[in-house]
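This report refers to the structure that appears directly beneath it.
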Amino acid sequence: MTTAKEEIESLRTELEKHNYNYYVLSQPTISDFEFDQKLKSLQQKESAHPEYYDPNSPTQRVGNDISKEFNQVQHKYPMLSLGNTYSESEVTDFYERVSKLLNEDFEIVAELKFDGTSISLTYENGHLILAATRGDGEKGDDITNNARTIRSIPLNLHGQYPELFEIRGEVLMPWKEFERLNKERERQGDTLFANPRNAASGTIKLLNPAEVSHRKLDSYLYFLFGDKLPGKTHLENLEYARQWGFKISEHIKLCKSVSDIFDFIRYWDKERKNLPVATDGIVLKVNSLKQQEKLGYTAKTPRWAIAYKFQAERECTKLKEVTFQVGRTGAITPVANLEPVQLAGTIVKRASLYNADNIDTFDFHIGDMVYVEKGGEIIPKVVGVDKNSRTNIGPKVSFLTQCPVCGTKLIRIPGESAWYCPNIIGCPPQIKGKIEYFVSRKAMNINIGEETIELLYNNGLLKNSADLYDLKKEDLMRLDRWGEKSTQNLLDSIDASKKMPFENVLNAISIRNVGVVMAKKLAKNLKNIDCIKNATIEQLISIPDVGDIIARSIVDFFSVTDNITLIDRLKVAGLQFELSDSYIASDKLMGKTIIISGVFERHSRDELKTLIEKNGGVNVTSISSKTDFVLAGANMGPAKREKAEKLNISIISESDFEKMIS
Ligand code: IVH
């Protein structure tokens, strides 16, 4: 008869094999349903037998909700970066430099440069024992629990592996998952990730492994460190690593000449568009480990390797039409409507033309072939025009003089490049845009979608944000498909928004150039709406980070009677127009630097952070001799505790903290 222990072990081995087949080889041999059944069975057996707990069990890949901050770890081998080159001649220079220094035959391994976030994995006796981020190259964060949720990272190895070694690689968010995540974030009113690199590095440092598990990260490993590596060359070691279960790119080429290297570069400069993950160049490494050692390192980079960076992806496509969007503050943005084109992982149909000056400089005509690029931002940009390909020249693109929606004459604000529609109370996209912003999560957090706003606007029930607070049950019930429950939900949510703090209200009212961060600064410094309203330009610019343009926007906002009327109505509705007493609760923690670690009974970590700030303290994440105390809950990391004790920093409990600020 098999024992529970044997059953658990056999299920673990079997499930890891299926994980490997699916995520590393992309060749599943069982259905998702069967996999889930087996995983469930393992979960049940493990919870019946907690004595057989294993952090590297396949059940750990789903993560857990325990929020635990990261401990810092020292890298055994520093995580260096590579020298960058941008031209073929610099690649030739590298090749010649290596040739001269070695003065013997050598081979170069050419690989893709994956554009994610680097990771270092340590394995002991075939088990993953540590995963760390790059950090400053010397020290990184211990993100082992998050790394365990990445299905292509093996938790236990197969075959004959060294007793102890480190493997470096890149954690990536595949294009498909990146789009899914951004769509989800858009729905929830969260800021979007500009590119998969930011999404991957943001995800791997989330404090909630269950959420990391939900976002399907992938990995490619590309370098090994260890005293007893089996191969004599880099390529041999990668082949071994592949056999142990790591995901190693299949697009690696052994080059014997510069022209072999150029073939690889030219091929992948085009072909990379078809890869499921982002790449931003090619990495070239001397193959022999002995020769690598001979070449050694400069202070920051190895002499035996170099990166060649691709030019930002750029495509040429036809300019079909230019439309003009009116933003919530009245700013007019010119948008190019393009013949759809595949660019850096997504299909681009629209791109920004920045502003009026840009349109004049490029002298665009409808029908032109234009160049589109994706920079660091989410929205692609038109960066040039191919004038040589013009045959039948179309009409010249010119900026508008009147608002495309309400027809009001546009104005330009001194010092700003944008044109504005000044009709703030009568221009529909400005009205709807302002209401949409007003209700968004980081403003008043009212549970109402764009379609409902549109519906209420079209029915004359919503002409500005203050009208939300006058909505009546019977008005709403009269609308198509509005039942008792949805009506009550909306009214409750509007009511709850009256408790939103002053800085949210200040953000919600759409003062040009004042967003979440600036609203917080203004609230903290000037305390209430009347002080902000009456502040002079000089007083405003004396606030840190407030410059001329922001100060001018604030003064302009309060010089408009309609804005004052709106604020008066919101005041009557009961919104918060001053910093609440609890915001500046006390100065009991003034000047104190505090670390939060572990899980707490009565407060979330965010609440504790707010309490620290409200009482004048500063919440920091890494412990040093300057730290005043550690606020510790359950499961405080042992390394952190040890460090605090070593530095003689007092460790206080949740109730000690409550007493301190009471
Ligand atoms: S080798 C000492 N290979 O590029 C070896 N790096 O600036 C160092 N990267 O930090 C790394 N793909 O995050 C190597 N195939 C590849 C790579 C790669 C992406 C990243 C890595 C590194 C950066 C170098």
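The values are calculated or read from the model by the stated rules, or taken from the named source; none is laboratory data. In this text, all values refer to a predicted model and were calculated from it rather than measured experimentally. Glycine gets a Cβ as well: all are built from the backbone with ideal geometry, and neighbour counts include every protein chain shown. Accessible surface areas use protein heavy atoms only, side chains included; no ligands, DNA or RNA. Shrake-Rupley method; radii C 1.70, N 1.55, O 1.52, S 1.80 Å.
Here the helices (runs of 4 or more DSSP H) wholly within segment 528-593 that include at least 1 residues being modelled with pLDDT of 95 or more and within 27 Å of residue 498 (Cβ to Cβ) are 529-534, 548-558, 561-573. Of the strands (runs of 3 or more DSSP E) entirely within segment 105-201, those holding at least 1 residues that are closer than 22 Å to residue 252 by Cα and within 13 Å of the ligand (Cβ to nearest atom) occupy 108-114, 117-124, 164-172.
Any chance segment 319-331 includes a residue that's open to solvent by 20 Å² or more (accessible area, probe 1.4 Å), touching a Lys or Arg at 6+ places or on another chain (Cβ under 8 Å) and within 30 Å of residue 250 (Cβ to Cβ)? No, segment 319-331 has no match at all. If only residues of segment 243-267 that are within 18 Å of residue 169 (Cβ to Cβ) and within 14 Å of the ligand (Cβ to nearest atom) are counted, the one that is most open to solvent (accessible area, probe 1.4 Å) is 250.
Would you say residue 85 is within 23 Å of residue 249 (Cα to Cα), away from the ligand (no atom under 16 Å from the Cβ) and surrounded by 19 or more Cβ atoms within 10 Å (Cβ to Cβ)? Considered against the rule, which asks whether it is within 23 Å of residue 249 (Cα to Cα), away from the ligand (no atom under 16 Å from the Cβ) and surrounded by 19 or more Cβ atoms within 10 Å (Cβ to Cβ), residue 85 comes out as no.
For segment 51-79, enumerate the residues that are at pLDDT below 85 and touching a Gly at 6+ places or on another chain (Cβ under 7 Å). Of everything in segment 51-79, just one residue is at pLDDT below 85 and touching a Gly at 6+ places or on another chain (Cβ under 7 Å), namely 68.
Take the residues in segment 202-235 that are assigned to a loop (DSSP other than H, G, I, E, B) and of a type in the set (D, E, K, R); name whichever of them is nearest to residue 119 (Cα to Cα). This residue is 205. For residue 82, the test of being modelled with pLDDT of 90 or more and in a helix (DSSP H, G or I) is failed. Selection of segment 593-615 for residues being open to solvent by less than 10 Å² (accessible area, probe 1.4 Å) and among the hydroxyl-bearing types (Ser, Thr, Tyr) yields only 597.
Please tell me if residue 277 is closer than 30 Å to residue 383 by Cβ, assigned to a loop (DSSP other than H, G, I, E, B) and within 12 Å of the ligand (Cβ to nearest atom). Yes; evaluated as a whole, the condition is true for this residue. The set of residues in segment 453-468 being open to solvent by 30 Å² or more (accessible area, probe 1.4 Å), in a helix (DSSP H, G or I) and closer than 15 Å to residue 487 by Cβ consists of 455 alone.
For segment 375-390, the criterion of a residue being more than 34 Å from the chain's Cα centre (by Cα), surrounded by 17 or more Cβ atoms within 10 Å (Cβ to Cβ) and not in a helix (DSSP H, G or I) is satisfied by no position.
Would you confirm whether or not segment 8-29 contains a residue that is more than 24 Å from residue 244 (Cβ to Cβ) and open to solvent by 70 Å² or more (accessible area, probe 1.4 Å)? Among the residues of segment 8-29, not one is more than 24 Å from residue 244 (Cβ to Cβ) and open to solvent by 70 Å² or more (accessible area, probe 1.4 Å), which makes the answer no.
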